[in-house]
Structure formats: structure tokens, C-alpha cells
Amino acid sequence: MTPYNSLADDYYVNMNLSTEMELSGSREAILHYFEQIQKKFPTMRNFYARDKGDFILEEDKEQGHYRWCSVEPRRLSSGQLNPQSIDDALVQHRHALELAPYGLSLSPLDCEALDLMIGFDFTYRGNQNQLIAEALGVCPAFDRLATMAGATFVSNEPALTLALDDDCRTQCRVNIETRTNAYQIRTGEYQDEQVSVYVTARHYGSLDANRSYVEAVDRLAVICREVVDNYVAGSVLEPLARAIAFE
């Protein structure tokens, strides 16, 4: 398997747990939860609050790789930018989920959706929508449309979502996000910006009886790795990297 940090300029592994009810937001509960996170990862020492009751604990960002964890009224998130490995990031996500039932009064019934996402960023200055078309092509039904005289790609963000079970509670989404806008295309004034490829596995709804959040996120990690390794690395990430390198 190709190391993920060799597939793009940056990559990251993020976990998001959205809840039906608001999480315990008392001062004591929030601080105790993040203190337990910090005991496991002592370099996570930057704690701050944002508007609307969002609290974040993170590492310093200067080195180009860092961990972070956040608690919002109805969402628990954990992420790592440029981890040494997927397993390294999963250790953090498992720990955040292991603590949540006790530190934030989180029940397996309270799951609206649990996501694990592996994202890849490429820095590119130019029309990123055109880049996607040249590197990956377009849907065969649109081949002729894409060759229309004088036409320019203003939006081109391929996306595909698949259900992986009969009741559609486990899904996987692969999508590309560009940052180029019409003003940049019109003026030719581009900046170095990221074009992103996201692979997201998601579980919808409450967890089954006797199943933990850690077991659920491990299952999502298996799905994400399979999709990246077998379907996205060679067909999306590597062609995109080559197209940027040849510019």
C-alpha cells in the first residue's frame, strides 16, 4: 500500500459524531473531558472556546502536522493533519469516543451520524475545475458538451455516494471540492489554493445493542481504507498529482 502522505500535499483523517440531543456542556464536564484527552496526548495544550458553545483542544500548528479535538452542542469531532499513519490517527479517534459516554453523557442511542473521513489536499494555482476535467475526464454523457467552443469550466466537482447495506445506514461518499470561482476565471487572477478529494464512510442512526462507538468507527476505517487503496489512489489521486506536476 502506498503511504498516504505520498499521495497529496497534505492528508488528514477526521472523525465526526453528530448527536440527536445536546451533549453535556457544563464547565466541569468539558474541562474534564479535554483533560483526559490531554493525558493521552500531552502536546495537545491549546484550549479555546468559540461562539455558540464550541470548545477546541489542539496541538501547535507550526510544524505542518497536528492533532485537534472539538466539542460542539451536538457534535464531537477529532482530527489529525498529516499523521504518521492512519492507525496513528485512529488511536486518537478511538480515545475520544471511549471517553465520550462517561465524560459527555453520550449514549449509543444518541447517534444521528458517525463519520470517518480521509481527505487529500493538492495546492494548485489556476482553474481547478479545468484541472479536474483534464486529469480525470468527465462523465461520458458530457464528453461532447465539454468540448463546446469557447466554453470554460466554472464548476466541476464530481461526487458519488454508495450505500453499503440494504437499509442504507452505512454509506460511502467520494467527492472532489474545488475553490476556483467565476471572478478568478474572468480576471485570470488565481491564488495558490487547495483542491480536495474526500473519502467519507458514514453510519446513520443509533448503534445496535452491545455495539460501541469504537467498534463502529473501526468498521468505517476499514471501508475508507478499502476505497482509497482499491478505487481512489490509482484512479483519482495519482492522475491528479501527475496533472499538477506537468503544469
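The values are calculated or read from the model by the stated rules, or taken from the named source; none is laboratory data. On a predicted model such as this, the values are computed, not experimentally measured, just so you know. Ideal geometry is used to build each Cβ from the backbone, glycine not excepted, and the neighbour counts take in all protein chains shown. Note: accessible area is taken over every heavy atom of the protein model, side chains too, but ligands, DNA and RNA are not part of it. Shrake-Rupley method; radii C 1.70, N 1.55, O 1.52, S 1.80 Å.
In the list Asp229, Asp218, which residue meets the criterion of being over 17 Å from Cys111 (Cβ atoms) and in contact (Cβ under 8 Å) with a residue 60 or more places away in the chain?
On inspection, the qualifying residue turns out to be Asp229.
Residue pairs, Cβ under 7 Å, 6 or more apart or interchain, first in region 161-182 and small (Gly, Ala, Ser), second in a loop (DSSP other than H, G, I, E, B) and open to solvent by 70 Å² or more (accessible area, probe 1.4 Å). List them.
Ala182/Val154
If you check Gly126 against the conditions, is it surrounded by 13 or more Cβ atoms within 10 Å (Cβ to Cβ) and either touching a Phe, Trp or Tyr at 6+ places or on another chain (Cβ under 7 Å) or not in a strand (DSSP E or B) (or both)?
Yes, satisfied.
Taking region 181-216 as the search range and keeping residues that are among the acidic types (Asp, Glu) and within 30 Å of Met21 (Cβ to Cβ), which one is nearest to the chain's Cα centre (by Cα)?
Here the residue is Glu215.
For region 4-54, enumerate the residues that are part of a loop (DSSP other than H, G, I, E, B) and free of Cβ contacts under 8 Å to residues at least 12 places away in the same chain.
Result: Ser26, Pro42.
Given the options Glu189, Glu177, Glu226, Glu193, name the one that is out of contact with any His (no Cβ under 8 Å at 6 or more places or on another chain), under 23 Å from Ala146 (Cβ atoms), open to solvent by 60 Å² or more (accessible area, probe 1.4 Å) and not hydrophobic (A, V, I, L, M, F, W, C).
The match here is Glu177.
Suppose we filter Ser78, Ser85 for residues that are under 16 Å from the mean Cα position of the chain (by Cα), surrounded by 12 or more Cβ atoms within 10 Å (Cβ to Cβ), modelled with pLDDT under 95 and not aromatic (Phe, Trp, Tyr); which single one remains?
The conditions single out Ser85.
Table: residues versus (1) surrounded by fewer than 18 Cβ atoms within 10 Å (Cβ to Cβ); (2) not charged (D, E, K, R).
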{"position": "Gly119", "(1), (2)": "no, yes"}
{"position": "Ile132", "(1), (2)": "no, yes"}
{"position": "Leu145", "(1), (2)": "yes, yes"}
{"position": "Phe153", "(1), (2)": "no, yes"}
{"position": "Asp167", "(1), (2)": "yes, no"}
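For Lys61, only one of the following conditions fails: (1) in contact with a strand residue (DSSP E or B) (Cβ under 7 Å, 6 or more places away or on another chain); (2) open to solvent by 70 Å² or more (accessible area, probe 1.4 Å); (3) basic (Lys, Arg). What is its number?
(1)
Has region 200-216 got any residue that is within 29 Å of Ala96 (Cα to Cα), in a helix (DSSP H, G or I) and open to solvent by 50 Å² or more (accessible area, probe 1.4 Å)?
Yes, because at least one residue in region 200-216 is within 29 Å of Ala96 (Cα to Cα), in a helix (DSSP H, G or I) and open to solvent by 50 Å² or more (accessible area, probe 1.4 Å).
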